[in-house]
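Contents: one structure, followed by commentary.
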Amino acid sequence: MQKIRVHIHQIRENFNSTRSCFIDLIDDSRKVVLPILVGPCEGQVIQLHFDGATPPRPFTHDLIFNMAGALEFELREVVIRKFEEGIFYASLYWLKDGNSVISDSRTSDAIALAQRFDIPIYVLPQVIREAGVNREVIEDDWDILMDELEEEQAPKGLGIYTLAELEEQLAEALDNEDYEKAARIRDEIEKRK
């Protein structure tokens, strides 16, 4: 499987109504940026680690890091494998007793875990083709581009639902373990409060 290694280039706050932020992943050539929209909580966790700060209490990602060590699981790499309808999909590649184990992950969680385990983040070429942006465009027209990306990656069609309907959809998404959808619905609910 061909894959492109990326690194966290920067984390940019999005000052629009969602209070979300973009995690800019950049390839080794430093020519292409993959901006990934994440919620405010997810962005804060990644930013803290990016800045080298230590929280007073462990976050969930720290707990997973500690548990993996205790259970002798080794996280080898993170792969962002798909971009569909404005959502990125990632996989975690673990090693346990010489056996490979792959698990599905929200992309924001995968990035946060990659930080803690100090492991590479990879992106499949098709994802770069579909969602990557030339670095020069980002530096020259960042505000315009971020508005477009936020609209593209924002929750689709949630504005037509009442708060009660959104809360019902959130519960259903959590029951189905569709955490990407749940995060989008949660962000829409928070925006209205």
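The values are calculated or read from the model by the stated rules, or taken from the named source; none is laboratory data. Note that this is a predicted model, so its numbers are computed, not measured. Here Cβ is always computed from backbone atoms with ideal geometry, including for glycine, and neighbour counts include all displayed protein chains.
For segment 149-179, residues that are in contact with a strand residue (DSSP E or B) (Cβ under 8 Å, 6 or more places away or on another chain), assigned to a helix (DSSP H, G or I) and modelled with pLDDT under 80 total 3. Residue 48 meets all of the listed conditions (1) buried (at least 19 other Cβ atoms within 10 Å of the Cβ); (2) within 22 Å of residue 105 (Cβ to Cβ) but one, namely (1). Of the candidates 114, 90, the single residue that is outside any strand (DSSP E or B), modelled with pLDDT of 95 or more and under 12 Å from the mean Cα position of the chain (by Cα) is 114. Among the conditions (1) surrounded by fewer than 20 Cβ atoms within 10 Å (Cβ to Cβ); (2) modelled with pLDDT of 90 or more, the only one that residue 39 does not satisfy is (2). The set of residues in segment 32-57 that are farther than 23 Å from residue 186 by Cα and not hydroxyl-bearing (Ser, Thr, Tyr) comprises 32, 33, 34, 49, 50, 51, 52, 53, 55, 56, 57. Scanning segment 159-177 for residues being surrounded by 14 or more Cβ atoms within 10 Å (Cβ to Cβ) and under 21 Å from residue 106 (Cα atoms) gives a total of 6. Of the residues screened, residue 72 is not one that is in a strand (DSSP E or B), touching a residue at least 24 places away in the same chain (Cβ under 8 Å), among the charged types (D, E, K, R) and within 19 Å of residue 102 (Cβ to Cβ). Within segment 13-26, being modelled with pLDDT under 90 and either part of a loop (DSSP other than H, G, I, E, B) or buried (at least 17 other Cβ atoms within 10 Å of the Cβ) (or both) holds for 14, 15, 16, 17, 18, 19, 20, 21, 22.
Among the residues that make up segment 75-96, is at least one of them within 19 Å of residue 179 (Cα to Cα), in contact with a Lys or Arg (Cβ under 8 Å, 6 or more places away or on another chain), among the aromatic types (Phe, Trp, Tyr) and surrounded by 20 or more Cβ atoms within 10 Å (Cβ to Cβ)? Yes - at least one qualifying residue is present in segment 75-96.
The residue of segment 1-12 that is nearest to the chain's Cα centre (by Cα), among those that are modelled with pLDDT of 90 or more and among the aliphatic types (A, V, I, L, M), is 8. Taking the stated definitions as given, is residue 62 out of contact with any His (no Cβ under 6 Å at 6 or more places or on another chain), assigned to a strand (DSSP E or B) and among the acidic types (Asp, Glu)? It is false that residue 62 is out of contact with any His (no Cβ under 6 Å at 6 or more places or on another chain), assigned to a strand (DSSP E or B) and among the acidic types (Asp, Glu).
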